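Report on the structure given below.
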Amino acid sequence: MNYFELFEIPVQLRVDKASLPRKYFELSRKYHPDFFVNGSGEEQTLALERSALLNKAFKTFQNPDETIKYVLQLKGLLEEEEKYELPPDFLMEVLEINEKLMELGENKSLLPNIELRITELQAEIYEPVKKIVEHYQEGAISEKELLQVKGYYYKKKYLDRIRKQLNGMA
C-alpha cells in the first residue's frame, strides 16, 4: 500500500495540506495499535505497520519536495542516492552564486543580492514544471514531463543547500 492509497487520495505532486490533518487523525484512530491489543498477532502486526506507514506518509505530505520525491520514486524515476547530472548552464549559475558566497565573508552587503538571485533562480526552474506539479493527474502526465519534474527536484535541492549555507552565514 502506498501513501496515497493509505490516505485514500489520488496520486499528486502537491497534496492539499489543509485537509491532511483531519484524514491523518481519522486514520490514526483506525490503525492505532492500542485498538488491536486483543486482536490476533497478525492484526497487531498489521496495525503497527499501518500506523508507522501513516506517520511516514503524513510527514512526507507535509513537505512538498518530499512529496515530489515520493511520487518520482513510486513511478520508478528516482532512486535513493542517485547521481543526477545537472545541466551545465544551471551549474554555471550555481558556480557564480558560490563565488559570491566566498566574497560574502569580506562583504556582507552582498547578502541581499545573493538571496535575490537564489529566489529568482528558484522561480526560473519552477516555471517550466509549474502546471505539471500543480495539476498532476495520474495517467495524464507523460514520463517525459515527470522527468522534467525530476530535473526541477534536483535543481531545487541544490539551491536549498546553498540557501541553508547562506542562512548559516547571515
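On the basis of being on the phi > 0 side of the Ramachandran plot and loosely packed, with under 11 Cβ neighbours inside 10 Å, does Gly168 make the cut?
On the way: on the phi > 0 side of the Ramachandran plot: no; loosely packed, with under 11 Cβ neighbours inside 10 Å: yes.
So Gly168 fails the test.
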Next item on the list: State yes or no: is Tyr158 in a loop (DSSP other than H, G, I, E, B), touching a residue at least 60 places away in the same chain (Cβ under 8 Å) and surrounded by 12 or more Cβ atoms within 10 Å (Cβ to Cβ)?
Entry: no
Checklist line | Count - residues of the range 1-54 that are touching a Lys or Arg at 6+ places or on another chain (Cβ under 9 Å) and of a type in the set (Asp, Glu) | finding: 1
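Being among the small types (Gly, Ala, Ser) and either on the phi > 0 side of the Ramachandran plot or in a helix (DSSP H, G or I) (or both) is the filter here; which residues of the range 85-114 pass it?
The initial filter retains those residues of the range 85-114 that are among the small types (Gly, Ala, Ser), namely 105, 109.
Ser109, the sole residue that qualifies.
So which residues in the range 140-151 are within 15 Å of Leu77 (Cβ to Cβ) and free of Cβ contacts under 8 Å to residues at least 40 places away in the same chain?
We begin by selecting, within the range 140-151, every residue within 15 Å of Leu77 (Cβ to Cβ); these are 141-151.
If the condition is that a residue be within 15 Å of Leu77 (Cβ to Cβ) and free of Cβ contacts under 8 Å to residues at least 40 places away in the same chain, then Ile141, Ser142, Lys144, Glu145, Gln148 are the ones that fit.
What helices (runs of 4 or more DSSP H) lie completely within the range 6-80 and have 3 or more residues being over 14 Å from the mean Cα position of the chain (by Cα) and surrounded by 14 or more Cβ atoms within 10 Å (Cβ to Cβ)?
Numbers: elements: 20-31, 41-62, 64-74.
By residue number, 20-31, 41-62.
Every number here is computed from the coordinates shown, using simple stated rules; none is lab data. Treat the numbers as computed from the prediction; the structure is a model and nothing was measured. Don't worry about glycine lacking a Cβ; one is built from the backbone with ideal geometry, like all the others, and counts go over all protein chains shown.
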